[in-house]
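To start, the structure itself, in structure tokens.
The values are calculated or read from the model by the stated rules, or taken from the named source; none is laboratory data. Quantities reported herein were computed from a predicted structural model and do not represent experimental measurements. We place every Cβ from the backbone using ideal geometry, glycine too, and count neighbours over all the protein chains shown.
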Amino acid sequence: MAEDVKSRIDENVKNNKIMVYMKGTPDFPQCGFSAHTVEILRSYGFPFASEDVLADPAVREGIKRYSNWPTIPQVYIDGKFVGGCDIVHELHERGDLEPMLKSAFEK
Amino acid sequence: MISPEEIKETLSKAIPVTLVETQDLTGGGDHWQLIIVSPAFEGKALIEQHRLVNEALKEPLGDQRIHALSLKTFSPAQWDKLGS
């Protein structure tokens, strides 16, 4: 992965309490999994940043290497890779997502 | 295409499992939902639990015998909490 892509991802992940790499934008998601992930995050009301991987092929490939995870969307909370749509959905269902988000914003 | 028995066998060779439930989501034998309970998941974030499973099923995932995988993973403690 090119160094500039990696450092851009690094910065986004570290400077945003919640960072989402997705297909499309939160208002116009281009994939059902990205849409569902954003819908869950929005339900908590915390602000989050996002980047559209469809707009940049280098980021689309780079983010998969960065996390060593093959699919998009990818959600990062408090600088840590949390998972994709499945995992965010599951954490939400189990009631584990809210405490994670809260503690990220309390720091 | 893969059989539920083969999924269970492949998994249990890689990690200790106390429960594996398989559901063939499309009837085609290549889209699976798995419920897995394993002591290997204890104290691990969901993403790490899923990584363990993906690693264990690397071969059938790689050669497309499993085309899509939906996972629900639990440590024994998480599983017990769910039942109570």
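Regarding the range A:97-104, can at least one residue be identified that is touching a strand residue (DSSP E or B) at 6+ places or on another chain (Cβ under 8 Å) and under 11 Å from A:Val20 (Cβ atoms)?
So the first thing to find is which residues in the range A:97-104 are touching a strand residue (DSSP E or B) at 6+ places or on another chain (Cβ under 8 Å), and the list is A:100-101, A:104.
Checking which are under 11 Å from A:Val20 (Cβ atoms) leaves us with none.
Looking for residues that are touching a strand residue (DSSP E or B) at 6+ places or on another chain (Cβ under 8 Å) and under 11 Å from A:Val20 (Cβ atoms), one finds none in the range A:97-104, hence no.
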Residue that is farthest from the other protein chains (Cβ to nearest Cβ), among those in the range B:34-69 that are farther than 16 Å from B:Asp24 by Cβ and touching a Pro at 6+ places or on another chain (Cβ under 7 Å): B:Pro39
Of residues in the range A:76-107 being among the aromatic types (Phe, Trp, Tyr) and within 13 Å of chain B (Cβ to nearest Cβ), the one surrounded by the fewest Cβ atoms within 10 Å (Cβ to Cβ): A:Phe81
Subset tally (residues that are of a type outside the set (A, V, I, L, M, F, W, C), without any contact (Cβ under 8 Å) to a residue 60 or more places away in the chain and out of contact with any helix residue (DSSP H, G or I) (no Cβ under 7 Å at 6 or more places or on another chain)) for the range B:56-71: 6
Residues (surrounded by 23 or more Cβ atoms within 10 Å (Cβ to Cβ) and within 11 Å of chain B (Cβ to nearest Cβ)) located in the range A:59-75: A:Gln74, A:Val75
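Is it the case that A:Tyr44 is more than 14 Å from chain B (Cβ to nearest Cβ), at pLDDT 95 or above and under 23 Å from B:Gln78 (Cβ atoms)?
Working: more than 14 Å from chain B (Cβ to nearest Cβ): yes; at pLDDT 95 or above: yes; under 23 Å from B:Gln78 (Cβ atoms): yes.
The answer is yes for A:Tyr44.
Among residues belonging to the range B:35-55 that are free of Cβ contacts under 8 Å to residues at least 24 places away in the same chain and out of contact with any strand residue (DSSP E or B) (no Cβ under 9 Å at 6 or more places or on another chain), point out the one that is nearest to B:Ser3 (Cα to Cα).
The first filter runs over the range B:35-55 and keeps only residues free of Cβ contacts under 8 Å to residues at least 24 places away in the same chain, leaving B:45, B:47-48, B:50-51, B:54.
Narrowing the set further to residues that are out of contact with any strand residue (DSSP E or B) (no Cβ under 9 Å at 6 or more places or on another chain) leaves B:48, B:51.
Details: B:Glu48: 25, B:Arg51: 21 Å.
Only one residue tops the list, namely B:Arg51.
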Matching residues, the range A:48-58, being surrounded by fewer than 16 Cβ atoms within 10 Å (Cβ to Cβ) and under 12 Å from the mean Cα position of the chain (by Cα): A:Ala49
